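The values are calculated or read from the model by the stated rules, or taken from the named source; none is laboratory data. Remember, it's a predicted structure, so these values are computed and weren't measured experimentally. Don't worry about glycine lacking a Cβ; one is built from the backbone with ideal geometry, like all the others, and counts go over all protein chains shown. Surface areas here come from the heavy atoms of the whole protein model, side chains and all, with no ligands, DNA or RNA. Shrake-Rupley method; radii C 1.70, N 1.55, O 1.52, S 1.80 Å.
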Amino acid sequence: MSQGLLLSASLWTLLAGCPSSQNRNVVSVPCGCTIVVSSVPPQAGGTAFIIALMTLPAADWNLYTDRLRISRLLPTDNHAHFINQLYNSPLFIAGQGATGIDTDEKALKMITGFVESLFAKQNHGIYLVSFRHDVEAEENVKIGTVSVMKGDAFTVPDIGFALLPQYTGKGYAQEAGKAMMEYAMRDKINGGLGYDGVFGFTSATNVQSRKACESLGLELRGIYPLKVFGGGKSAVYTVKGMDKDLRKYGVEEQRLEE
Ligand SMILES: CC(C)(COP(=O)(O)OP(=O)(O)OC[C@H]1O[C@@H](n2cnc3c(N)ncnc32)[C@H](O)[C@@H]1OP(=O)(O)O)[C@@H](O)C(=O)NCCC(=O)NCCS
């Protein structure tokens, strides 16, 4: 599907502004597109219903690698429970800090609000990583998340990953990350997200995460005080071939170190 069929910018804003999916019903259809039926609140000046076609991945969107299944993180109790577990593992807290999401209820609220609105706005966001071999099982084993998220200031997204501690040291972050980078940079006409680059941002002191970025073939472009992470020292990686001048992609901060 071409971008031409996508929503106008103002309509995107309106849909993205919905606090959750409560104002819209998302229905996947056989062509792989998604129909969004949106009841726009009268105070927003909307008509009763808007029907639009866009490329929002359906709830059953999956991407497979040799060992893994990557799927959308959905607002279900089961996924919320997993996120609560992951975000409170000592490894996650050491690498990313405490999120304050420390109950299943808070995790569900985060998925329903933040994650769902990211998908509505950007067409991508945070994904679950589980083992591929038990894909037919009702309860497949979830091992972590991989994310493709674009900060408002940037023109390309960044890739992120997190695993439960017992699944580290086996190359799963590398495998999931490679697949998602390929998806992010594949042309839209071939089902990708159509970006002309991908960042890897990580705290400068997060050794495992930096190794994972390097294992994806990302190149270090230096240490920057990225505002998006509170001005702390961030290692900035890019895929090979991205312009040397990172201002082109929205990085306005001055480099602190090579
Ligand atoms: C970042 C994080 C996902 C990296 O996990 P990881 O297990 O080190 O990374 P990978 O899954 O790619 O595994 C790489 C390791 O597996 C080993 N490995 C084993 N089998 C492998 C295989 N088949 N293929 C590739 N690597 C393999 C590699 O040698 C490497 O080991 P090493 O770290 O001792 O050098 C993990 O540390 C984490 O969840 N941290 C908390 C969250 C976080 O900080 N995220 C960063 C934000 S971007």
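Annotations for the structure displayed:
- Looking across the range 55-68, the residues that are open to solvent by less than 50 Å² (accessible area, probe 1.4 Å) and closer than 20 Å to residue 168 by Cα come down to 65, 68.
- Cross-chain or 6+ apart pairs with Cβ under 9 Å, the range 158-177 first and at positive phi, then more than 6 Å from the ligand (Cβ to nearest atom) and open to solvent by 30 Å² or more (accessible area, probe 1.4 Å): 171/67
- Every residue from the range 57-93 that is under 14 Å from the mean Cα position of the chain (by Cα) and of a type in the set (Phe, Trp, Tyr): 61
- Of 77, 66, all but one fail to be farther than 23 Å from residue 208 by Cα and among the charged types (D, E, K, R); the exception is 77.
- Tally, over the range 125-150, of residues that are at pLDDT below 95 and over 17 Å from residue 66 (Cα atoms): 3
- First in the range 201-215 and within 6 Å of the ligand (Cβ to nearest atom), second anywhere and aliphatic (A, V, I, L, M) and part of a strand (DSSP E or B), Cβ under 7 Å, 6 or more apart: 202/235
- Looking only at the range 69-95, residues that are within 12 Å of the ligand (Cβ to nearest atom) and either in contact with a Gly (Cβ under 7 Å, 6 or more places away or on another chain) or farther than 25 Å from residue 120 by Cα (or both) come to 9 in all.
- Note on the range 77-107: residues that are in a loop (DSSP other than H, G, I, E, B) and not β-branched (Val, Ile, Thr) total 6.
- Output for the range 203-258, where each listed residue is in contact with a helix residue (DSSP H, G or I) (Cβ under 6 Å, 6 or more places away or on another chain), of a type in the set (A, V, I, L, M) and part of a helix (DSSP H, G or I): 212
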